[in-house]
1. Can you tell me how many residues within region B:60-84 are of a type in the set (A, V, I, L, M, F, W, C) and within 28 Å of the chain's Cα centre (by Cα)?
2. Is it true that some residue in region A:379-389 is charged (D, E, K, R), in contact with a Leu (Cβ under 9 Å, 6 or more places away or on another chain), more than 8 Å from chain B (Cβ to nearest Cβ) and touching a residue at least 24 places away in the same chain (Cβ under 8 Å)?
3. Does A:Glu10 satisfy being assigned to a helix (DSSP H, G or I), of a type in the set (D, E, K, R) and loosely packed, with under 12 Cβ neighbours inside 10 Å?
4. Quick test for you: out of B:Leu117, B:Leu103, B:Leu143, pick the one residue that is over 30 Å from A:Ile324 (Cβ atoms) and either touching a Cys at 6+ places or on another chain (Cβ under 8 Å) or of a type outside the set (Asp, Glu) (or both).
5. Please enumerate the residues belonging to region B:50-65 that are buried (at least 17 other Cβ atoms within 10 Å of the Cβ) and either closer than 29 Å to B:Pro236 by Cβ or among the hydroxyl-bearing types (Ser, Thr, Tyr) (or both).
6. Of the conditions (1) in contact with a Leu (Cβ under 6 Å, 6 or more places away or on another chain); (2) more than 28 Å from B:His328 (Cβ to Cβ), A:Ala407 clears all except one; give me its number.
7. How many residues are farther than 27 Å from B:Lys105 by Cα and within 19 Å of the chain's Cα centre (by Cα) if we restrict to region B:163-180?
8. Taking the criterion of being part of a strand (DSSP E or B), buried (at least 19 other Cβ atoms within 10 Å of the Cβ), in the same structural domain as A:Asp263 (by TED's automatic domain parsing) and in contact with a strand residue (DSSP E or B) (Cβ under 9 Å, 6 or more places away or on another chain), would at least one residue in region A:312-327 satisfy it?
Number of protein chains: 2
Amino acid sequence: MAIWLDQASEGFEQHFAAFLTTKREVSEDVNIVVRAIIDDVRARGDVALAEYSLKFDGIDYATVPMRVTAEEIDAAVEAVPSEVLGALKLAALRIESHHRRQLPKDDIYEDDMGVGLGSRWTAIEAVGLYVPGGTASYPSSVLMNAVPAKVAGVDRIVIAVPATGGAVNPAVLAAAKLVGVTEIYRVGGAQAIAALAYGTETIAPVAKITGPGNAYVAAAKRHVFGTVGIDMIAGPSEVLVIADKDNNPDWIAADLLAQAEHDVSSQAILITDDAAFGKAVEQAVERQLKTLNRAETAAASWRDFGAVILVADLKQAIPLANRIAAEHLELAVADPDRLLDGIRNAGAIFIGAHTPEVIGDYVGGSNHVLPTARSARFSSGLSVLDFVKRTSILRLGPQQLRTLGPAAIALAVSEGLDAHARSVAIRLNLER
Amino acid sequence: MAIWLDQASEGFEQHFAAFLTTKREVSEDVNIVVRAIIDDVRARGDVALAEYSLKFDGIDYATVPMRVTAEEIDAAVEAVPSEVLGALKLAALRIESHHRRQLPKDDIYEDDMGVGLGSRWTAIEAVGLYVPGGTASYPSSVLMNAVPAKVAGVDRIVIAVPATGGAVNPAVLAAAKLVGVTEIYRVGGAQAIAALAYGTETIAPVAKITGPGNAYVAAAKRHVFGTVGIDMIAGPSEVLVIADKDNNPDWIAADLLAQAEHDVSSQAILITDDAAFGKAVEQAVERQLKTLNRAETAAASWRDFGAVILVADLKQAIPLANRIAAEHLELAVADPDRLLDGIRNAGAIFIGAHTPEVIGDYVGGSNHVLPTARSARFSSGLSVLDFVKRTSILRLGPQQLRTLGPAAIALAVSEGLDAHARSVAIRLNLER
């Protein structure tokens, strides 16, 4: 049973505010352990990696090489069912064509004064993509991270994946191969992040690390941030479905469960203007739970963090949605455009009853790496922009320097920076 | 005396590699202290802020209000010399007109299949700008942070500034007023970052925090990252000047010193193809040092981290510059465009001998908040993009869902996500 919040009831604001700040994850304090691992990998390189991989993942590099071989990748491609391979190809093509539109353009121009200004974009030279192990080792995530990097023009893309006992999910290897990524290492956890950031004898360092991971990976990313770039610290994910009564309750229930089955800390929220519809969805959730392989996870998520929010008019859902700032927002209403304009905070919006969020997870073309846990208030999903950087350009001639110089000198002097003032004054033959 | 590295000499690669990894700052481990302060501010709000401000900055909120008053801001504008105010206005206008060009455009389209896709940009609702106190309290930095936020359309911009004894640099207040920022709090350090991230009775929380600060501020930003967005963890800054022998050595020396005077951990590097010119610059540095107010700082920076790198041909400077990935790169050479194309890693490039980096600090129009300490390999200077976020949009009708649905189901099944598969299958009347 999810909680119910009725906007018409007294105390709604208080309950909604409390709901918003509910912590869905216990943040383990693993900083001390992580720091020690990072320091150790920096100091001892491959030897440290070998020890950690043996200890945590049961991989012995004496028998299974750290780097996945070309033969292994080719064998994985063979092992993946053709239906899945075809779906991965379709997904890769669609992701690529959408992300090509995100490539920023250089902007080099001269202003009225004759000053040359500009922004020039270049690709990051090398990036590392962390792929979680176990059940969260998703080939779709490989595409969602690697394709934008490829489109951006990144020269070297490296994958690190923990491989319990040595085995890597063949679909992950096949997805990597599809995008042309063949530098894949069997290493996970904080040690993988350290190796990517600082390099070891085998793994050359990268300039940026993307991809989700457990508490150790997240802490390690936070720690190396600055030495390398990172994408985001991913938190528990969520879906918000705004639905009117004209929906099939089973469709909406399935969408809520698609979110809930990810993790016990996932969150699925329904906002509707019809209590009977809300009840019907809730019943459908209970019914569908019975036939899910991940029923236990989904049930716990729905029980602990699921919510049905009742509003008098769907327009009232807009400010609530902006405060929730959901990773995924479905607008399953008759006139979605009436709501769309007011939505400011959301990772991705799925419009109309025929756009289940799951399409965006795989084959829509947009990215499924999205800001979670209310971070859509200040951040965006993964895109080509995460794999490029901008250099700004300034070009003055003697005349422009004469025009702008005195103002620069005045500010430098006021900030107490003599040498700053002089570097302009000396070119204008002014005393400084 | 800076160090000399000659590319023609044996062992150059080894020396250059060591030079690149030289640590210029002792990173104090202040995490435990910072975490305690953050927890305390979250728990006790204003009361905690008052205690920390009294303890660290000698401000008693019983006598000086936490929030700077409108009268105080107006008085500050009056107190700033008109020459400085005029320069700030010129700078603000130029920064605004350059940054307007960075506003990203929405991209909403339909693909061949009839799938609606899109990227929609919206401004972050509220941002906090941290302004350091003391000698590093720069009005120019207020403009460089606040103007892009304003251009982006941020509704609420807040400034936090430590005010030792209660006084805030009038030029900082004047710069804020120029941009229309009037919500300014006298609070600094980790406690300011905590207040901005989590809010107190007086300070409503923001969604993103930008601006430089000391080790405590940096650690606090790293800690709250995820709860709010942050810009970057700023490290010690640097300039790389590539200059041929036809330059005036005094001009180049002044540019190197303009960087060196910032901080003892700043770095100024000259690459030239003429040893005699390098010597002449070095002599000019020594000469000019004698008449700088911040001579001690500049001399220490030049002595400890300054470098002259000799190359046989200026073309050879390109790969070195890309490895250094300088925050500021001056191309003071006869044909700068010959080098420009090859530069991939730099925060900002200043072209030609009449574009000293200092112009970019103040009135060029480009942003002076730039990636330091080699982070130009993976990140960009501050821009309008730092104050907006992107929501992706997906819209399918029944026909598009029929076309794409089966591939999504295949991938969901292969990833073991039943409810994902069902959320598509149920809409297509398929058994799942």
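The values are calculated or read from the model by the stated rules, or taken from the named source; none is laboratory data. These figures come from a predicted structure and were not determined experimentally. Reconstructed Cβ throughout: ideal geometry from the backbone, glycine too, with neighbour counts over all protein chains shown.
1. Keep residues of region B:60-84 that are of a type in the set (A, V, I, L, M, F, W, C), which gives B:62, B:64, B:66, B:68, B:70, B:73, B:75-77, B:79-80, B:84.
The next check asks that each one be within 28 Å of the chain's Cα centre (by Cα); those that pass are B:66, B:68, B:73, B:76-77, B:80, B:84.
Number satisfying all stated conditions: 7.
2. At the first step, the residues of region A:379-389 found to be charged (D, E, K, R) are A:386, A:389.
This time we only want the ones that are in contact with a Leu (Cβ under 9 Å, 6 or more places away or on another chain), so: none.
Within region A:379-389, none of the residues are charged (D, E, K, R), in contact with a Leu (Cβ under 9 Å, 6 or more places away or on another chain), more than 8 Å from chain B (Cβ to nearest Cβ) and touching a residue at least 24 places away in the same chain (Cβ under 8 Å).
3. Numbers: assigned to a helix (DSSP H, G or I): no; of a type in the set (D, E, K, R): yes; loosely packed, with under 12 Cβ neighbours inside 10 Å: yes.
So A:Glu10 does not fit the description; no.
4. Working: B:Leu117 fails: over 30 Å from A:Ile324 (Cβ atoms); B:Leu103 fails: over 30 Å from A:Ile324 (Cβ atoms).
Of B:Leu117, B:Leu103, B:Leu143, the one residue that is over 30 Å from A:Ile324 (Cβ atoms) and either touching a Cys at 6+ places or on another chain (Cβ under 8 Å) or of a type outside the set (Asp, Glu) (or both) is B:Leu143.
5. B:Tyr52, B:Ser53, B:Phe56, B:Asp57, B:Ile59, B:Tyr61
6. Failed condition: (2).
7. Residues meeting the conditions: 3.
8. So in region A:312-327, the residues part of a strand (DSSP E or B) come out as none.
Looking through region A:312-327, none of the residues is part of a strand (DSSP E or B), buried (at least 19 other Cβ atoms within 10 Å of the Cβ), in the same structural domain as A:Asp263 (by TED's automatic domain parsing) and in contact with a strand residue (DSSP E or B) (Cβ under 9 Å, 6 or more places away or on another chain).
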